[in-house]
Amino acid sequence: MSKLDGKVAVVTGASKGIGAAIARTLAKSGATVVVNYASSKAGAEAVVESITAAGGRAVAVPGDVSNTAQAEGLIEAAVERFGRLDIVVNNSGVYEFAAIADVTEEQYRRLFDINVLGVLLVTRAAAKHLGEGGSIVNISSAVTSVNMPTTAVYTGTKGAVNAISSVLANELAPRKIRVNVVSPGYVVTEGTHAAGVTGSEMEADMVAKTPLGRAGQPDDVAEVVAFLASDEARWVTGEVIFASGGTR
């Protein structure tokens, strides 16, 4: 018996990268997974196909988490399709870096709408359906502790995620719903390739500052999420777990 057998999970932003790895790992652990995507239907369907090919259960559901109706629709689709909801992983996020002189209002609003408002809207919708033993895992970033120049807006969004999660852990505790945070360090994804970070001097510098001496992989983060989502972590709530190779 796998540790998530019988559970239904929603993973936002799961069409690629860390989100896709989380979806696959939760499915491998026995959960039925709703693979959310905002724009990449093909990516989400590929994740679903990989899960079903391995004997798991999954379905792709679109939805912009920063839109109230779509965030609620995502959760309703999961409950209507599978009859319950046990796990929510708020992974959707975007990042853009700029020196403070170049930060724009548009950038600020885009990052805060997806990275912060999205967490609130999905969690609000999900809280109506999560029962005792429910688990919410929010994906933050180790950037909140390294104070990297040019990341003021992005770091601000992830600091907000940490603070919100601490409040919700207390607020939802009477209902026996746990809320935790996973903060990845530098992880190689499609996004880091597209942004030109992979193979760059910036990557080399980040790896050099990582005590375990390598870049992270999406599965390194996904396994931590699967633990927090499971009953193995039944006494863990309100925590920020760094999956960062020691980067703090």
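In 5 Å bins starting at zero, report the fraction of Cα pairs in the stretch 1-54 per bin as a rounded %.
Once binned at 5 Å, the Cα pair distances of the stretch 1-54 give 5, 25, 34, 22, 10, 3, 0.
Radius of gyration and Dmax for the stretch 73-155's Cα atoms, expressed in Å?
15.8, 50
Which one, Val187, Pro174, Gly213, is farthest towards the positive end of the dipole of the stretch 150-241 when Lys and Arg carry +1 and Asp and Glu -1 on their Cβ?
Farthest towards the positive pole: Pro174.
Along the Cα→Cβ direction, 7 angstrom out, place labels at Ala53 and Glu239. What is the inter-label distance in nm?
3.4
Hey, quick one: spin label on Tyr108, modelled 7 Å out along Cα-Cβ, who in the stretch 146-165 has an amide N within reach, i.e. under 14 Å?
Residues 152-157 qualify, since their backbone N sits under 14 Å from the label point.
Amide H to amide H, which residues 5 or more places from Phe242 or on other chains are under 5 Å from it, using H placed in the peptide plane?
Close amide H contacts, sequence-distant or interchain: Ser183.
So if we plug the beta-carbon distance of Lys209 and Glu96 into 1/(1 + (r/R0)^6) with R0 = 35 Å, what FRET efficiency do we get, rounded to 0.05? Mind showing how you got there, number by number?
Working: r = 22 Å, r/R0 = 0.62.
With R0 = 35 Å, the Cβ-Cβ based efficiency is 0.95.
Just how large is the dipole of the chain about the Cα centre, in debye to the nearest 20, putting +1 at every Lys and Arg Cβ and -1 at every Asp and Glu Cβ?
On the way: 21 positive and 25 negative charges, 127 e Å.
So the magnitude is around 620 debye.
Work from the charge dipole of the chain (Cβ charges, +1 for Lys and Arg, -1 for Asp and Glu, about the Cα centre) and give the residue of Val197, Gly55, Ser92 farthest towards its positive end.
Gly55
How about the stretch 101-180: which GluC sites (Glu not before Pro) there are in a DSSP loop, with at most 10 other Cβ atoms within 10 Å of their Cβ? Each step should come with its number before you reach the end.
On the way: sites: Glu105, Glu106, Glu132, Glu171; in loops: Glu132.
Here the sparse-neighbourhood loop sites are Glu132.
Arranged from highest to lowest average of other beta-carbon atoms within 10 Å per residue, in what order do the peptides 231-238, 95-102 appear? Write down the numbers at each step before the final one.
On the way: 231-238: 13.8, 95-102: 12.2.
My ranking of the peptides, most packed first, is 231-238, 95-102.
Grab the DSSP H runs of the chain that are 4 residues or longer, score each as -39,500 (n - 2.57), total them, divide by all residues and round the 222 nm result to the nearest 500 deg cm²/dmol.
Working: 10 runs with 108 residues, N = 248.
That comes out to -13000 deg cm²/dmol.
What's the ranking of 40-51, 118-129, 188-199 by average number of surrounding C-beta atoms within 10 Å, highest first?
Details: 40-51: 18.3, 118-129: 21.3, 188-199: 14.8.
In decreasing order of mean packing, 40-51, 118-129, 188-199 become 118-129, 40-51, 188-199.
Rounded, prolate or oblate: which fits the stretch 40-82, taking a ≥ b ≥ c as square roots of the Cα gyration tensor eigenvalues, rounded meaning a/c under 1.5, else prolate when a/b beats b/c?
On the way: a/c = 4.38, a/b = 1.65, b/c = 2.66.
Oblate shape, in that a/c is at least 1.5 and b/c is the bigger or equal ratio.
If one puts a single equal scatterer on every Cα of the stretch 141-222 and applies the Debye formula without solvent, what log₁₀ I(q)/I(0) results at q = 0.12, 0.26 Å⁻¹?
-0.45, -1.31
For the chain, state the average projected area of the convex hull of the C-alpha atoms over all orientations, rounded to one decimal in nm². All intermediate terms of the calculation are to be shown ahead of the outcome.
Numbers: hull surface 50.9 nm².
With every direction weighted equally, the projected area is 12.7 nm².
Rounded to the nearest angstrom and ordered from largest down, what semi-axes does the equivalent ellipsoid of the stretch 117-179 get from its C-alpha gyration tensor (root of 5λ)? Walk me through the numbers on the way to the answer.
Numbers: eigenvalues 139, 25, 13 Å².
Semi-axes (√(5λ), whole Å): 26, 11, 8.
Would you grab the residues whose amide H sits under 5 Å from the one on Val179? Only those 5+ places off in sequence or on another chain, please, with H modelled 1.01 Å from N.
The answer is Ile136, Gly238.
In whole Hz and in residue order, list the ³J(HN,Hα) couplings for the stretch 235-248 that follow from phi through the Karplus curve 6.51 cos²θ - 1.76 cosθ + 1.60, θ = phi - 60°; x for Gly and Pro.
Here the 3J(HN,Hα) series is 9, 10, 8, x, 9, 10, 9, 8, 10, 9, x, x, 5, 9 Hz.
For labels at Ala195 and Glu45 in the simple 7 Å Cα→Cβ model, what's the distance in nm?
With each label point 7 Å from Cα toward Cβ, the separation is 2.9 nm.
Search the structure for amide H atoms under 5 Å from the amide H of Ala58, placed 1.01 Å from N in the peptide plane, and list their residues when 5 or more places away or on another chain.
Under 5 Å from the amide H of Ala58: Val33.
Is the shape of the stretch 1-123 rounded, prolate or oblate, going by the alpha carbon gyration tensor and its root eigenvalues a ≥ b ≥ c, with a/c under 1.5 for rounded and a/b larger than b/c for prolate?
Numbers: a/c = 2.39, a/b = 1.85, b/c = 1.29.
Note, shape of the stretch 1-123 comes out prolate.
How large is ³J(HN,Hα), in whole Hz, for each residue of the stretch 94-102 in order, when computed from phi with the Karplus curve 6.51 cos²θ - 1.76 cosθ + 1.60 and θ = phi - 60°, using x for Gly and Pro?
Going residue by residue, I get 10, 9, 9, 10, 7, 4, 4, 5, 10 Hz, with x marking Gly and Pro.
No lab work stands behind these numbers, since they all come straight from the coordinates. Since the structure is predicted, the reported quantities are computational estimates derived from the model, not experimental observations. As a convention, Cβ positions derive from the backbone with ideal geometry for all residues, glycine included, and neighbour counts pool all protein chains shown.
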